[in-house]
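Colleague: Before anything else, here's the structure in question.
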């Protein structure tokens, strides 16, 4: 429990130490990770240090405690507006905190410069997995028991089906704006157009190209593993016409319909357009950027709240499935595991060996250097948890300049998720087969576009994958009943998909730094420090 505390100070060098001490105590009581506490303390001290030059002697108010079950920390300094993130040295700090899952926002209200932090408790991935597995076993136990009593089965379905539909409706309501905001804010957070021009273009191109090449490879693999049905239309001309029309429809006729219909391609297109415009205009639309980031924070909070009831959602889905026809669904679930897990490991090794060949370094040495980050991601299913180790490995072991790593790794964690391309494509194919959706060439083409775009739009928050499943299944015509199996599979596959994505990202940033002549080959090729 975070104890409530409210104190006033006068801004000075000594006050900065006192305020940061209160920050550490509040975050510790909130159960935040030690590395996150260090990062947010350093960021707070940096900001207050910058303000000290102009606001020394101003009144400082510190307020911390709990609101609606969430810990909060607020530091206010009287004086003229001094946006904390206008300083170039502090912009990176803000992005790092955002990637670590610790929102630290600035606002100017009633003559006060306000810094607000909402620390999160340290996640226990195994605890989340335990709740998910408990929901699965409970649904199986009650479902099989109800199958023996048809009268009770009908009564149970009359309760669980409306509840399932209500939760599904809430998820769909949040998922569309979440996908749009994830893409838009990911582009806005790049911030530095100079870095985008020098390194960003190559890095972003490598990430986008790698995502869609992998999706195409998965489509070819799907042709070997699944029966491919002929198109309903006759002739090649009809197929090309349908594809051309689909490409044209990526541009929406209005702004509202993509959100109402959950059209993934149109949502991503709008997110790219708005994000790019805000990034190019820069300071001229700083208010719009701030508003967008704040709306994104609010929508992500709503999804994180909904994410807490995922075990209940899984229970309802599987319970209803068992009371109907569950055999084909369970078999498709095992097929998803058999495809995704081996492919994730093969993909990781492929990237390592390609990097070893291009950089003329031992694959065994690369594996040893990348292994700590890989293991953290594998055991926590969190790229944010592996962020600190990831950055340290990139700079100290892989020879990537700190400025490139600080730019590329946070950006890549939002934009580049090859492991999720594998998982999403496997789920799309297996669920389509299970629910009788014909796997046609058009279906594969749509799957390439949808899984590629949604993997980049997938919000890096609890429940983010669930929002993507609802959009993907709606786009591909897969029944919403498949969400139960998708969510259950994701609870386990997330560990492997995240680990593969983090490892492949390290390789992409290393190769991008090498392409622009900024890689320190001596660090890369020397033994581990």
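Colleague: For the stretch 329-338, how many residues meet the condition of being within 20 Å of residue 499 (Cα to Cα) and surrounded by fewer than 21 Cβ atoms within 10 Å (Cβ to Cβ)? Can you show your working first?
Modeller: We begin by selecting, within the stretch 329-338, every residue within 20 Å of residue 499 (Cα to Cα); these are 336-338.
Still in the list and also surrounded by fewer than 21 Cβ atoms within 10 Å (Cβ to Cβ): 337-338.
Total meeting the criteria: 2.
Colleague: Under 7 Å by Cβ, and 6 or more places apart or on different chains, what pairs join a residue from the stretch 65-85 that is on the phi > 0 side of the Ramachandran plot with one that is buried (at least 17 other Cβ atoms within 10 Å of the Cβ) and modelled with pLDDT of 80 or more?
Modeller: What qualifies is 79/55; 79/58; 79/113.
For (1) surrounded by 15 or more Cβ atoms within 10 Å (Cβ to Cβ); (2) in the same structural domain as residue 470 (by TED's automatic domain parsing); (3) in a loop (DSSP other than H, G, I, E, B); (4) modelled with pLDDT of 60 or more, each residue gets a yes or a no:
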{"residue": "233", "(1), (2), (3), (4)": "no, no, yes, no"}
{"residue": "247", "(1), (2), (3), (4)": "no, no, no, yes"}
{"residue": "259", "(1), (2), (3), (4)": "yes, yes, no, yes"}
{"residue": "274", "(1), (2), (3), (4)": "yes, yes, no, yes"}
{"residue": "279", "(1), (2), (3), (4)": "yes, yes, no, yes"}
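This table checks each residue for (1) under 21 Å from the mean Cα position of the chain (by Cα); (2) at pLDDT below 80.
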| residue | (1), (2) |
| --- | --- |
| 333 | no, yes |
| 340 | yes, no |
| 357 | no, no |
| 367 | no, no |
| 377 | yes, no |
| 383 | yes, yes |
| 395 | no, no |
| 410 | yes, yes |
| 418 | yes, no |
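Colleague: Another one. Is the stretch 64-75 home to any residue that is at pLDDT 80 or above and either in a strand (DSSP E or B) or not assigned by TED's automatic domain parsing to the domain that holds residue 416 (or both)? Reasoning before the result, please.
Modeller: Let us first name the residues in the stretch 64-75 that are at pLDDT 80 or above, namely 74-75.
Subset that is either in a strand (DSSP E or B) or not assigned by TED's automatic domain parsing to the domain that holds residue 416 (or both): 74-75.
Yes; the residues of the stretch 64-75 include at least one that is at pLDDT 80 or above and either in a strand (DSSP E or B) or not assigned by TED's automatic domain parsing to the domain that holds residue 416 (or both).
Colleague: Right, next: Only one of these is farther than 30 Å from residue 513 by Cα, at pLDDT 80 or above and surrounded by fewer than 18 Cβ atoms within 10 Å (Cβ to Cβ): 170, 151, 145. Name it. Walk me through it before giving the result.
Modeller: Details: 170 fails: at pLDDT 80 or above; 151 fails: at pLDDT 80 or above.
When all the criteria are applied, what remains is 145.
Colleague: Determine which single condition residue 86 fails, assuming it passes every other condition in (1) in contact with a strand residue (DSSP E or B) (Cβ under 6 Å, 6 or more places away or on another chain); (2) at pLDDT below 70.
Modeller: In the conditions (1) in contact with a strand residue (DSSP E or B) (Cβ under 6 Å, 6 or more places away or on another chain); (2) at pLDDT below 70, residue 86 misses (1) alone.
The values are calculated or read from the model by the stated rules, or taken from the named source; none is laboratory data. Remember, predicted model here, so these are calculated numbers, not experimental data. Counting neighbours? That spans all protein chains shown, and the Cβs are built from the backbone with ideal geometry, glycine included.
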